[in-house]
Amino acid sequence: MLFSSKRKTFCGTLDYVFPEIVMGSEYDQMVDVWSVGVLCYELCTGHAPFESSKSREETYRKILNVDLKFPRALSEDVKDFIRRLLIKKPEDRMSLEEALEHPWIKKYCGR
(Lines give C-alpha, C1' and ligand atoms only; values in the text may rest on other atoms or scores of the structure.)
Protein backbone atom coordinates (compact mmCIF):
# COMPACT_ATOMS: atom_id res chain seq x y z
CA MET A 1 0.00 0.00 0.00
CA LEU A 2 1.31 3.48 -0.90
CA PHE A 3 0.80 6.40 1.44
CA SER A 4 0.12 9.90 0.19
CA SER A 5 1.27 13.06 1.91
CA LYS A 6 -2.05 14.66 0.92
CA ARG A 7 -4.98 14.63 3.35
CA LYS A 8 -8.68 15.53 3.28
CA THR A 9 -9.59 15.04 6.95
CA PHE A 10 -11.54 17.92 8.51
CA CYS A 11 -9.81 18.76 11.77
CA GLY A 12 -8.77 21.70 13.85
CA THR A 13 -10.09 24.75 15.63
CA LEU A 14 -12.47 26.97 13.65
CA ASP A 15 -10.23 30.04 13.89
CA TYR A 16 -7.29 28.04 12.48
CA VAL A 17 -9.16 26.34 9.63
CA PHE A 18 -7.32 26.79 6.35
CA PRO A 19 -8.82 27.47 2.89
CA GLU A 20 -8.12 23.93 1.67
CA ILE A 21 -10.52 22.53 4.30
CA VAL A 22 -13.24 25.08 3.51
CA MET A 23 -12.98 24.21 -0.20
CA GLY A 24 -12.89 20.46 0.50
CA SER A 25 -9.49 20.14 -1.18
CA GLU A 26 -6.61 17.87 -0.31
CA TYR A 27 -3.90 19.52 1.71
CA ASP A 28 -0.30 18.99 2.75
CA GLN A 29 2.24 20.49 5.14
CA MET A 30 1.60 23.99 3.82
CA VAL A 31 -1.41 24.15 6.17
CA ASP A 32 1.16 24.44 8.95
CA VAL A 33 2.38 27.66 7.34
CA TRP A 34 -1.21 28.98 7.39
CA SER A 35 -1.49 28.06 11.08
CA VAL A 36 1.73 29.93 11.90
CA GLY A 37 0.23 33.00 10.24
CA VAL A 38 -3.01 32.70 12.24
CA LEU A 39 -1.07 32.19 15.47
CA CYS A 40 1.22 35.14 14.78
CA TYR A 41 -1.77 37.39 14.05
CA GLU A 42 -3.48 36.24 17.24
CA LEU A 43 -0.38 36.79 19.38
CA CYS A 44 0.11 40.29 17.95
CA THR A 45 -3.52 41.43 18.14
CA GLY A 46 -5.21 39.37 20.84
CA HIS A 47 -7.77 37.80 18.50
CA ALA A 48 -7.93 35.46 15.53
CA PRO A 49 -7.80 37.07 12.07
CA PHE A 50 -10.98 35.55 10.65
CA GLU A 51 -13.20 35.26 13.73
CA SER A 52 -16.82 36.24 13.38
CA SER A 53 -19.51 36.64 15.99
CA LYS A 54 -22.13 36.10 13.26
CA SER A 55 -21.66 32.50 12.17
CA ARG A 56 -19.33 29.69 11.18
CA GLU A 57 -20.20 30.45 7.55
CA GLU A 58 -19.03 34.05 7.97
CA THR A 59 -15.72 32.79 9.36
CA TYR A 60 -15.39 30.47 6.35
CA ARG A 61 -16.14 33.38 3.99
CA LYS A 62 -13.44 35.47 5.64
CA ILE A 63 -10.96 32.59 5.38
CA LEU A 64 -11.70 32.02 1.69
CA ASN A 65 -11.38 35.73 0.95
CA VAL A 66 -8.34 36.07 3.25
CA ASP A 67 -10.20 39.03 4.73
CA LEU A 68 -7.42 40.45 6.91
CA LYS A 69 -7.79 43.64 8.92
CA PHE A 70 -4.72 44.86 10.78
CA PRO A 71 -4.63 47.27 13.71
CA ARG A 72 -2.72 50.44 12.83
CA ALA A 73 -0.26 49.81 15.65
CA LEU A 74 1.29 46.78 13.90
CA SER A 75 4.52 47.40 12.03
CA GLU A 76 4.69 46.96 8.27
CA ASP A 77 7.23 44.16 8.79
CA VAL A 78 4.86 42.03 10.87
CA LYS A 79 1.96 42.76 8.51
CA ASP A 80 4.09 41.61 5.58
CA PHE A 81 5.15 38.48 7.48
CA ILE A 82 1.55 37.53 8.27
CA ARG A 83 0.28 38.35 4.76
CA ARG A 84 2.94 36.10 3.20
CA LEU A 85 1.82 33.18 5.41
CA LEU A 86 -1.93 33.71 5.01
CA ILE A 87 -2.25 33.26 1.26
CA LYS A 88 -5.17 31.27 -0.12
CA LYS A 89 -3.16 29.18 -2.58
CA PRO A 90 -0.76 26.96 -0.62
CA GLU A 91 1.88 27.01 -3.33
CA ASP A 92 2.07 30.81 -3.02
CA ARG A 93 2.60 30.80 0.75
CA MET A 94 6.01 31.56 2.13
CA SER A 95 7.77 28.36 3.25
CA LEU A 96 8.82 27.91 6.86
CA GLU A 97 12.44 28.19 5.72
CA GLU A 98 11.67 31.53 4.06
CA ALA A 99 9.80 32.63 7.19
CA LEU A 100 12.97 32.19 9.24
CA GLU A 101 14.74 34.59 6.87
CA HIS A 102 12.00 37.25 6.94
CA PRO A 103 13.23 40.67 8.21
CA TRP A 104 10.66 40.74 11.05
CA ILE A 105 11.86 37.38 12.39
CA LYS A 106 15.53 38.26 11.98
CA LYS A 107 15.01 41.56 13.80
CA TYR A 108 13.71 39.85 16.93
CA CYS A 109 15.69 36.63 16.85
CA GLY A 110 19.09 38.27 16.52
CA ARG A 111 19.87 36.27 13.38
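Here are the numbers for the structure shown:
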{"item": "Computed over the chain: relative contact order in percent, which uses C-alpha pairs under 8 Å that are six or more apart", "result": "25"}
{"item": "Cα gyration tensor shape for segment 47-95, rounded if a/c is under 1.5, else prolate or oblate", "result": "oblate"}
{"item": "Furthest towards positive pole of dipole, Leu86, Ile63, Ser53, structure part the chain, Cβ charges", "result": "Ser53"}
{"item": "Surface accessible to a 1.4 Å probe, Asp80 within the full protein complex, Å²", "result": "60"}
{"item": "Distance (nanometres) between label positions extended 7 Å along Cα→Cβ at Glu101 and Lys69", "result": "3.5"}
{"item": "Base-10 log of normalised Debye intensity for the chain (one unit scatterer per alpha-carbon) at q = 0.14 Å⁻¹", "result": "-0.57"}
{"item": "Which listed pairs, of Lys69/Lys107; Lys62/Lys106; Lys62/Lys89; Lys62/Lys107, have C-alpha distances above 21 Å, in listed order", "result": "Lys69/Lys107; Lys62/Lys106; Lys62/Lys107"}
{"item": "For segment 13-59: rounded, prolate or oblate by the Cα gyration tensor [a/c cutoff 1.5]", "result": "oblate"}
{"item": "Arg61, Arg56, Arg72, reordered so the largest accessible area comes first (probe 1.4 Å)", "result": "Arg72, Arg56, Arg61"}
{"item": "Largest to smallest accessible area among Lys69, Lys79, Lys106, Lys54 [probe 1.4 Å]", "result": "Lys54, Lys69, Lys106, Lys79"}
{"item": "Accessible surface, 1.4 Å probe, highest first, among residues Met30, Met23, Met94", "result": "Met23, Met30, Met94"}
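The values are calculated or read from the model by the stated rules, or taken from the named source; none is laboratory data. Note that the structure is predicted; figures quoted are calculated from it, not measured. Glycine also receives a Cβ, built like all others from the backbone with ideal geometry; neighbour counts cover every protein chain displayed. To get the accessible areas, we keep the full protein, side chains included, count just its heavy atoms, and leave off ligands, DNA and RNA. Shrake-Rupley method; radii C 1.70, N 1.55, O 1.52, S 1.80 Å.
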